[in-house]
Amino acid sequence: MTNIDRRQFLKNMGLIGGGVLLATSPWFSAFSEQKHTTGQLARIGIIGPGSRGQFLMSFLAQNPKVEIVAIADIYQPSIDAALAIAPNAKVYKDYRKLLDDKSIDAVVIATPLDVHYQMVLDAFDAGKHVFCEKSIAYSLEETHNVYQKYLQSGKVFFVGQQRLFDPRYIRAVELVHAGTFGEISGFRTFWHRNNDWRRPIPSPELDEHINWRLYKKHSKGIMTELACHQLQIGTWAMRQIPDKVMGHGAITFWKEKREVYDNVSCIYMFDNGVKMNYDSVLSSKFYGLEEQIMCNKGTVEPEKSKYYFEEIPPAPAFLQLVNDMENAMFGSLPFAGTSWVPETANQNKGHYLLDHKPEGDGTSLLLEAFAEAVITQKQPPLIAEEGYYATQLSLLGHQAMEEERTLVFPDQFKLNYLNHKALSTPL
Ligand SMILES: NC(=O)c1ccc[n+]([C@@H]2O[C@H](COP(=O)([O-])OP(=O)(O)OC[C@H]3O[C@@H](n4cnc5c(N)ncnc54)[C@H](O)[C@@H]3O)[C@@H](O)[C@H]2O)c1
């Protein structure tokens, strides 16, 4: 990509200069030969084209540089839905047969968590490039083994962490790294919903297959399904991995036929004392989801695409008077003395991070980058490591809750990246 092309590309994304972008998000270098690769094809097989897999396919099918060669699934309705998106795809019931297909360069794995591990290892063994949906694997050891396998393979490895390609998040982290908001004081990350996470089933024996998220054998629930996206914002912004985590998990509301927590709280601790809270309840949705980056001069809310400086201009005198009167009117001691005024009343409406509403959440760009990397056979810097740590931190938080104790990030799972530089595995 020439300088002019790149400028145009970044401008279209509503982001600032390319140098800054690559410093904050080096994986964007995947697009560096975008023009040069025109006319070339990434031949991709999809393993597990269920709900997420079909969503990913909807972008891949629109990319002129991608051919969806084959799909593999054990559930006929998923196969039928996937064929509606890619009618010419070959169909395999056994993913290992898809891996034997020499016409396939790369696979996208979008199966339930517990089967990722074997599929990723087998895919690297078969010489394929791999895109694996988050979280990478079911345990710290498995995740580490996957990373080692990727290093040995020399192949491309992406994880489905689309916030790394989301213009709102990129802009937010760029501004934090530039010191716009001063020093990071803490993170409040949360994802609250109000539903049982249960999908309708055509017959009872399919419950575990369809609702795998709710069963311990297949999933670690909230942490591997939701938190792994959000914890990443803390490490990306801090350029550091937290050392420790403590937490508590419970099943408080959706008690029927569920094995994973519906209510979790974790505290991740960085070595300088900064903390990242992670909270999720599945029975109250008012606060929704956000990753609030709290700094001494301002706060950023990337999901809302907003930032707020600490100091806001004082209200004009007239407004101040109205506020005072209202407070007095509703207060317990009208005019006579201090009335109760909530300390949180805050008229700081903030500013938008981008000058337009972003078109997507980064998923389409993430997949475009994967296709580019498959064609050029070049792994973009640090994208595998970002995916790796997002999974490991989710798993460690889950383990801390299960064991009800504070856990330290184990040395044997540290990579040569961020604050673990020079430790363990060479990059
Ligand atoms: N990045 C994101 O924002 C995001 C969003 C949703 C889901 N996901 C991830 O995508 C993955 C899939 O989630 P989902 O909601 O699509 O689940 P799903 O149940 O809808 O789809 C999983 C598919 O895998 C198939 N499958 C199961 N075992 C298989 C096997 N042994 N061989 C072949 N196919 C098999 C199932 O039949 C199904 O079609 C999970 O890892 C999840 O965490 C990521």
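Quick note: the coordinates plus some simple rules give every number you see, no bench work behind them. From a predicted model like this one, the values you see are computed outputs, not experimental measurements. A quick note on method: Cβ atoms are made from the backbone with ideal geometry, for glycine too, and the neighbour counts reach across all protein chains shown.
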**Asked** Once the Cα atoms of helix 317-330 and of the chain are each reduced to a long axis, what angle between those two axes, in degrees from 0 to 90 to the nearest 10, is obtained?
**Response** 80 degrees
**Message:** For the chain, take the longest principal axis of its alpha carbons; what is the angle in degrees between that and the long axis of helix 3-12, to the nearest 10 within 0 to 90?
**Reply:** 60 degrees
**Message:** With θ taken as phi - 60° and the coefficients 6.51, -1.76 and 1.60, list the Karplus ³J(HN,Hα) couplings across the stretch 151-168 in order, rounded to whole Hz; mark glycine and proline as x.
**Reply:** 4, 5, 6, x, 9, 7, 9, 10, 10, x, 10, 5, 4, 5, 10, 8, x, 5
**Message:** Once you place label points 7 Å from the Cα toward the Cβ at Lys255 and Val408, how far apart are they in nm?
**Reply:** 3.9 nm
**Prompt:** Which far-off residues, 5 or more places away or on another chain, put their amide H under 5 Å from the one on Val66, with H placed in the peptide plane?
**Reply:** Ala42
**Complete:** Residues meeting the amide H criterion for Asn263 (H placed from the backbone, H to H distance under 5 Å, 5 or more places apart or on another chain) are Ala250, Thr252
**Asked** Gaussian network model of the chain, Cα springs within a sub-10 Å range: biggest mean-square fluctuation belongs to which of Gln152, Gln392, Gln54?
**Response** Gln152
**Request:** Let me have the relative contact order for the chain, percent, based on Cα pairs under 8 Å that are six or more residues apart.
**Result:** 20 percent
**P(r), alpha carbons of the stretch 180-304 - 5 Å bins starting at zero, rounded %** = 2, 11, 19, 21, 16, 13, 9, 5, 3, 1, 1, 0
**Request:** For the pairs Lys275/Lys297; Lys155/Lys244; Lys134/Lys155; Lys216/Lys255, note any where the Cα-Cα span goes beyond 20 Å.
**Result:** Lys155/Lys244
**Virtual spin-label span in nm between Ala84 and Arg96, 7 Å along Cα→Cβ** = 3.2 nm
**Request:** Please list 374-387, 91-104 highest first by mean number of surrounding beta-carbon atoms within 10 Å per residue.
**Result:** 374-387, 91-104
**Fill in**
With Cα coordinates, the longest principal axis of the chain makes an angle with the long axis of helix 76-85, in degrees rounded to 10, of 80 degrees
**Message:** Quick check on my link table: of Lys306/Lys349; Lys90/Lys217; Lys90/Lys149, which ones sit more than 19 Å apart, alpha carbon to alpha carbon?
**Reply:** Lys90/Lys217; Lys90/Lys149
**Item:** Value of Rg to Rh for the stretch 75-215 (Rh from inverse mean 1/r over Cα pairs, i.e. Kirkwood)
**Value:** 1.04
**Message:** How many angstrom lie between the Cα centre of the stretch 164-211 and the Cα centre of the stretch 78-143?
**Reply:** 23 Å
**Fill in**
Mean Cβ-within-10 Å packing, highest first, puts peptides 353-362, 140-149 in the order 140-149, 353-362
**Asked** Which value at 222 nm does the chain reach when only helices count, each DSSP H run of 4 or more adding -39,500 (n - 2.57), with the total divided by all residues and rounded to the nearest 500 deg cm²/dmol?
**Response** -10500 deg cm²/dmol
**Request:** Two decimals is fine: what's Rg over Rh for the chain, C-alpha atoms, Kirkwood radius as Rh?
**Result:** 1.01
**Item:** Neighbourhood charge, 12 Å Cβ-Cβ cut-off, centred on His218 and excluding it, Lys, Arg +1 and Asp, Glu -1
**Value:** -1
**Message:** What are the ³J(HN,Hα) couplings of the stretch 371-380, residue after residue, when phi is run through the Karplus curve with 6.51, -1.76, 1.60 and θ = phi - 60°? Round to Hz, x for glycine and proline.
**Reply:** 4, 4, 5, 5, 5, 7, 6, 10, 6, x
**Asked** From the phi of every residue in the stretch 88-96, what ³J(HN,Hα) in whole Hz does the Karplus formula 6.51 cos²θ - 1.76 cosθ + 1.60 yield, where θ is phi - 60° and glycine or proline is x?
**Response** 8, 5, 6, 10, 10, 8, 10, 4, 5
**Fill in**
Here the net charge surrounding Tyr417, from other residues whose Cβ is less than 9 Å away from its Cβ (Lys, Arg +1; Asp, Glu -1), is 0
**Message:** List the residues, sorted by chain then number, that are 5 or more residues from Gly298 or on another chain and whose placed amide H is less than 5 Å from its amide H.
**Reply:** Glu310
